[in-house]
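The values are calculated or read from the model by the stated rules, or taken from the named source; none is laboratory data. Remember, it's a predicted structure, so these values are computed and weren't measured experimentally. Cβ placement follows ideal geometry from the backbone for every residue including glycine, while neighbour counts extend to all protein chains displayed. Accessible surface areas use protein heavy atoms only, side chains included; no ligands, DNA or RNA. Shrake-Rupley method; radii C 1.70, N 1.55, O 1.52, S 1.80 Å.
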Amino acid sequence: MWTTGRMSNAKSRLGLGTSLYFWALMDLTTTVLSSTPMPGVELETLFSDRPQPHQRSKRSWVWNQFFVLEEYTGTDPLYVGKLHSDMDRGDGSIKYILSGEGAGIVFTIDDTTGDIHAIQRLDREERAQYTLRAQALDRRTGRPMEPESEFIIKIQDINDNEPKFLDGPYIATVPEMSPVGTSVIQVTATDADDPTYGNSARVVYSILQGQPYFSVDSKTGVIRTALMNMDREAKEYYEVIIQAKDMGGQLGGLAGTTTVNITLSDVNDNPPRFPQKHYQMSVLESAPISSTVGRVFAKDLDEGINAEMKYTIVDGDGADTFDINTDPNFQVGIITVKKPLSFESKKSYTLKVEGANPHLEMRFLNLGPFQDTTTVHISVEDVDEPPVFEPGFYFVEVPEDVTIGTTIQIISAKDPDVTNNSIRYSIDRSSDPGRFFYVDITTGALMTARPLDREEFSWHNITVLAMEMNNPSQVGSVAVTIKVLDVNDNAPEFPRFYEAFICENAKAGQLIQTVSAVDQDDPHNGQHFYYSLAPEAANNPNFTVRDNQDNTARILTRRSGFRQQEQSVFYLPILIADSGQPVLSSTGTLTIQVCSCNEDGHVMSCSPEAYMLPVSLSRGALIAILACIFVLLVLVLLILSMRRHRKQPYIIDDDENIHENIVRYDDEGGGEEDTEAFDIAAMWNPREAQAGAPKTRQDMLPEIESLSRYVPQTCAVSSTVHSYVLAKLYEADMDLWAPPFDSLQTYMFEGDGSVAGSLSSLQSATSDSEQSFDFLTDWGPRFRKLAELYGASEGPAPVW
């Protein structure tokens, strides 16, 4: 090491070269030069004043490192060190040059003296050292006097940075009720100062806020619980402040803080409890299945999965009638209807409901029990219910030949309410568009209204309605399925037109056709048909029928030698009978044509015209026949059309009055005082009107006339009358020529001979709106009341 004084008298002769020395200023009084010795040069030659032979020698020392403190706050440039060459005689002939990192920007050199200064504030945390190069040049020639040398300026650290928590603030979670010493989180502070120099970067942790709940390890920064039985329900959030101080925590050290937000997570340490031990609820007896009756709630201070509840009905007379489910969002028990309710059967129910935690923790079982019970009273409220059918479904089997008006089933319904109102029955016509059935309005007797045909409709599905008399809005319904049973009402017949061909040279016993039959009936034992010749053809000499006993029959020839010229077509009637009860049969005709065939039996011609008539005559005859048929058809259609459009008077009347049940009277009306002048019942009772009138309706059949004459006008109608009415109604509906005048009553004639004329208002619209009624005073005492109401008053009007 060189001191300032000794360095001033030192000289070194190194032969051809000269030496460059680096001086460093330390502690403002001593210049410290750090050097690296080089081999081959003795240290003592650096201080010897004796002359030495001129020879080449190596440098004994290379000074290559400076030290300077960071964060210099003075106003003058900071002196770093000095560069000096032994070639420098102090006359300014040597020029010093500085290059490298920060040269000219951070560091400057006096090119005459070689003094190095820092002109900017240095920060070790930004840059710990600078590498520079120095060179001595001849000022006049610019020739290097020394080889370029590299040196380092190191920035010496001071404690100018406080510890910092780079990851703060922190968020941590720890379960409630955790034991003391449970690790919560580890915090770490970083100090930018040099950890290898002094205690500037030695950090110690301490807790400033959060005691006595938490503690921190001074060396590791691990935060732990310090208090037992911390309850989340009492306090859930904690804010802990941690301090990190350098210099080992000694006085004068720098400190930094961070915040740690700690949340206590929930554990299942609170049992559920019902705030109400008794619940009172009500439900309408008409409430549908699964409808909500009410809600119960067991309060649990825990949260999340620890607060989940499971509700069950553990006892009570309504355990089979009601059900309870848990709402997963709000953890309430929802009581619903499980079975239909009836106020008339049971008016109230009692339930015992239990609420329990499904997720338990074994270490907290001593805080239980984790379940609770409550009592629920449910009252059933009465409502006006629609009629109820017993049974709730009807299945009826009826034969298809049942007569109209036959009662096939009694439909029964009753009012379930206490009032037990009267019931009226009807059929939903959308379920019976064909109106095949009728139901008695009071007894519920289901009857046939039209003939049934299994082959047309084998099943009927109708809906019978029951309505309360006092409340027509209450309507019940029941489904009635009617199966129409088959009876043997269809005779078997050929499924198609049968036509056979026979050769003229056919032999006796030859098969010419196999026939079969179909029957629309469906007997239980299956179909079985019997075939034979019709009675009128029983002794047919040409053909015979052989029954195959499999619902088919063969048609065979009885003779040979058929000739087209004698008879070209045979019509064979065949009798087909079924096996039903009663036995039904029909006659089918088999058309057999005689044809000319070749030797192989192939048909060549079946027309006899070639043997009988010329071709032209045959066509003319055919045209004449067709023309006659056409003329006959036209005449028939014309006659039918004229009969339909011919108008006949409905009632025989000398005055040709077209109105029905017209009552003539010549008495003058007596107003409100006349109550015995005429029996008004004769105007709406058709029998009264017809009693004295021998005139009859020409278009009414005797049966329909008798219907209006003999049907009794009472409310209670026997089943025989019902059947009769339904039968006649069906006949009237099926008669397309009968006009619908059965109940038409027209009254427009007001009588003759009255001085008042017509009192009708039908034509009042054509009269003057300012009509005067003064003439009423001239009509006599019977119209005095009308004159007072509508006539002009005599004398001045009174003042009220």
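Could you tell me whether any residue of the range 357-371 is modelled with pLDDT of 90 or more, touching a Phe, Trp or Tyr at 6+ places or on another chain (Cβ under 8 Å) and not assigned by the TED database to the domain that holds G444?
yes
Scan the range 383-398 for residues that are in a loop (DSSP other than H, G, I, E, B) and either under 30 Å from R454 (Cβ atoms) or among the aromatic types (F, W, Y) (or both) and jot them down.
Initial filter on the range 383-398 (in a loop (DSSP other than H, G, I, E, B)): 383-387, 390-392.
Within the range 383-398, E390, P391, G392 meet the criteria.
Of everything in the range 489-548, what is open to solvent by 30 Å² or more (accessible area, probe 1.4 Å), among the aromatic types (F, W, Y) and farther than 30 Å from F457 by Cα? Give them in sequence order.
The answer is F501, and nothing else.
Taking the conditions exactly as written (of a type in the set (A, V, I, L, M), surrounded by 18 or more Cβ atoms within 10 Å (Cβ to Cβ) and out of contact with any Leu (no Cβ under 8 Å at 6 or more places or on another chain)), does M467 satisfy them or not? Give the derivation first.
Values: of a type in the set (A, V, I, L, M): yes; surrounded by 18 or more Cβ atoms within 10 Å (Cβ to Cβ): yes; out of contact with any Leu (no Cβ under 8 Å at 6 or more places or on another chain): yes.
In short, yes.
Could you say whether any residue in the range 418-438 is in contact (Cβ under 8 Å) with a residue 40 or more places away in the chain and closer than 30 Å to L575 by Cα?
Residues of the range 418-438 that are in contact (Cβ under 8 Å) with a residue 40 or more places away in the chain, as a first pass: 418-419, 421-426, 428, 437-438.
If we keep only those that are closer than 30 Å to L575 by Cα too, we end up with none.
Within the range 418-438, not a single residue is in contact (Cβ under 8 Å) with a residue 40 or more places away in the chain and closer than 30 Å to L575 by Cα.
Within the range 195-202, does at least one residue satisfy the condition of being β-branched (V, I, T) and either farther than 30 Å from R121 by Cβ or in contact (Cβ under 8 Å) with a residue 60 or more places away in the chain (or both)? Step through it out loud before you land on a result.
Here is the first cut: in the range 195-202, the residues β-branched (V, I, T) are 196.
Filter once more, keeping what is either farther than 30 Å from R121 by Cβ or in contact (Cβ under 8 Å) with a residue 60 or more places away in the chain (or both): none.
No, the range 195-202 contains no residue that is β-branched (V, I, T) and either farther than 30 Å from R121 by Cβ or in contact (Cβ under 8 Å) with a residue 60 or more places away in the chain (or both).
In the set K95, K82, K164, which member is within 30 Å of T188 (Cα to Cα) and surrounded by 14 or more Cβ atoms within 10 Å (Cβ to Cβ)? Break it down stepwise before answering.
On the way: K95 fails: within 30 Å of T188 (Cα to Cα); K82 fails: within 30 Å of T188 (Cα to Cα).
Testing whether each residue is within 30 Å of T188 (Cα to Cα) and surrounded by 14 or more Cβ atoms within 10 Å (Cβ to Cβ) leaves just K164.
What residue, of N270, N261, is more than 34 Å from the chain's Cα centre (by Cα), open to solvent by 20 Å² or more (accessible area, probe 1.4 Å), at negative phi and modelled with pLDDT of 95 or more? Lay out the reasoning, then the answer.
Details: N270 fails: modelled with pLDDT of 95 or more.
After ruling out the rest, the residue left standing is N261.
Which of (1) closer than 30 Å to E236 by Cα; (2) under 27 Å from the mean Cα position of the chain (by Cα); (3) crowded, with 18+ Cβ neighbours inside 10 Å does I335 not meet, given it meets every other one?
(1)
Where residues in the range 217-249 are in a loop (DSSP other than H, G, I, E, B) and charged (D, E, K, R), which of them is most open to solvent (accessible area, probe 1.4 Å)? Let's see the steps before the verdict.
Filtering the range 217-249 down to residues in a loop (DSSP other than H, G, I, E, B) leaves 217-221, 226-236, 246.
Add one more test, that the residue is charged (D, E, K, R), and what stays is 217, 219, 231-233, 235-236, 246.
Values: D217: 64, K219: 172, D231: 51, R232: 22, E233: 56, K235: 89, E236: 46, D246: 0 Å².
Once the filter is applied, the top-ranked residue is K219.
Please tell me if R429 is in a loop (DSSP other than H, G, I, E, B), open to solvent by 30 Å² or more (accessible area, probe 1.4 Å) and under 25 Å from V487 (Cβ atoms).
Working: in a loop (DSSP other than H, G, I, E, B): yes; open to solvent by 30 Å² or more (accessible area, probe 1.4 Å): yes; under 25 Å from V487 (Cβ atoms): no.
Here the answer is no, as R429 does not meet what is asked.
Does V594 fit the bill of being surrounded by 14 or more Cβ atoms within 10 Å (Cβ to Cβ) and closer than 18 Å to E493 by Cβ? Let's see the steps before the verdict.
Numbers: surrounded by 14 or more Cβ atoms within 10 Å (Cβ to Cβ): yes; closer than 18 Å to E493 by Cβ: no.
Taking the combined requirement at face value, the residue does not satisfy it.
Quick check on the range 361-372. Is at least one of its residues part of a strand (DSSP E or B) and not aromatic (F, W, Y)? Steps first, please.
Quick first cut of the range 361-372, residues part of a strand (DSSP E or B) only: 371-372.
Checking the rest, the ones that are also not aromatic (F, W, Y) come to 371-372.
Scanning the range 361-372, I find at least one residue that is part of a strand (DSSP E or B) and not aromatic (F, W, Y), so the answer is yes.
Please give the number of the condition Q276 fails out of (1) open to solvent by 60 Å² or more (accessible area, probe 1.4 Å); (2) out of contact with any Ser or Thr (no Cβ under 8 Å at 6 or more places or on another chain); (3) assigned to a loop (DSSP other than H, G, I, E, B).
Just one mismatch for Q276, condition (2).
Any residue at all in the range 339-351 that is in contact with an Asp or Glu (Cβ under 9 Å, 6 or more places away or on another chain), at pLDDT 90 or above and of a type in the set (A, V, I, L, M, F, W, C)?
Yes, the range 339-351 contains a residue that is in contact with an Asp or Glu (Cβ under 9 Å, 6 or more places away or on another chain), at pLDDT 90 or above and of a type in the set (A, V, I, L, M, F, W, C).
Report whether or not A172 is touching a residue at least 40 places away in the same chain (Cβ under 8 Å), open to solvent by less than 40 Å² (accessible area, probe 1.4 Å), in contact with a Ser or Thr (Cβ under 7 Å, 6 or more places away or on another chain) and part of a strand (DSSP E or B).
On the way: touching a residue at least 40 places away in the same chain (Cβ under 8 Å): yes; open to solvent by less than 40 Å² (accessible area, probe 1.4 Å): yes; in contact with a Ser or Thr (Cβ under 7 Å, 6 or more places away or on another chain): no; part of a strand (DSSP E or B): yes.
Judged against the criteria, A172 is not a match.
Hey, can you tell me all the residues within the range 415-437 that are on the phi < 0 side of the Ramachandran plot and either touching a helix residue (DSSP H, G or I) at 6+ places or on another chain (Cβ under 6 Å) or modelled with pLDDT under 85 (or both)?
Step one: of the range 415-437, the residues on the phi < 0 side of the Ramachandran plot are 415-419, 421-434, 436-437.
Matches in the range 415-437: P416, D417, V418, T419, N421.
Taking L452 as the residue in question, decide whether it is in a strand (DSSP E or B), aliphatic (A, V, I, L, M) and closer than 16 Å to I482 by Cα.
Here the answer is no, as L452 does not meet what is asked.
This table checks each residue for (1) within 56 Å of the chain's Cα centre (by Cα); (2) among the aromatic types (F, W, Y); (3) under 30 Å from G601 (Cβ atoms).
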residue: E493; (1), (2), (3): no, no, no
residue: Y498; (1), (2), (3): no, yes, yes
residue: S516; (1), (2), (3): no, no, yes
residue: D519; (1), (2), (3): yes, no, no
residue: H524; (1), (2), (3): yes, no, no
residue: Y531; (1), (2), (3): no, yes, yes
residue: A537; (1), (2), (3): no, no, yes
residue: N540; (1), (2), (3): no, no, yes
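Suppose we keep only residues that are more than 20 Å from T173 (Cβ to Cβ) and at pLDDT 90 or above within the range 191-211. Which one would you say is surrounded by the most Cβ atoms within 10 Å (Cβ to Cβ)?
Here is the first cut: in the range 191-211, the ones more than 20 Å from T173 (Cβ to Cβ) are 191-206, 208.
This time we only want the ones that are at pLDDT 90 or above, so: 203-206, 208.
Numbers: V203: 26, V204: 20, Y205: 22, S206: 15, L208: 12.
Within the range 191-211, the match that is surrounded by the most Cβ atoms within 10 Å (Cβ to Cβ) is V203.
Within the range 484-501, identify whether any single residue is touching a Pro at 6+ places or on another chain (Cβ under 9 Å), among the β-branched types (V, I, T) and not in a loop (DSSP other than H, G, I, E, B), and answer yes or no. Explain how you work it out, then say what you get.
Residues of the range 484-501 that are touching a Pro at 6+ places or on another chain (Cβ under 9 Å), as a first pass: 484-488.
When the remaining residues are screened for being among the β-branched types (V, I, T), the result is 484, 487.
Now restrict to residues that are not in a loop (DSSP other than H, G, I, E, B): 484.
Within the range 484-501, one or more residues are touching a Pro at 6+ places or on another chain (Cβ under 9 Å), among the β-branched types (V, I, T) and not in a loop (DSSP other than H, G, I, E, B).
Select from the range 371-411 the residues that are open to solvent by less than 30 Å² (accessible area, probe 1.4 Å), out of contact with any His (no Cβ under 9 Å at 6 or more places or on another chain) and closer than 30 Å to E308 by Cα and list them in ascending order.
Selection gives D372, I378.
Among the numbered criteria (1) at pLDDT 90 or above; (2) among the hydroxyl-bearing types (S, T, Y); (3) open to solvent by 30 Å² or more (accessible area, probe 1.4 Å), which one does T557 miss?
Every condition holds for T557 apart from (3).
I need the full set of residues from the range 297-353 which are in contact with a His (Cβ under 8 Å, 6 or more places away or on another chain) and in a loop (DSSP other than H, G, I, E, B), in order please.
Once the filter is applied, which keeps residues that are in contact with a His (Cβ under 8 Å, 6 or more places away or on another chain) and in a loop (DSSP other than H, G, I, E, B), the range 297-353 yields only E308.
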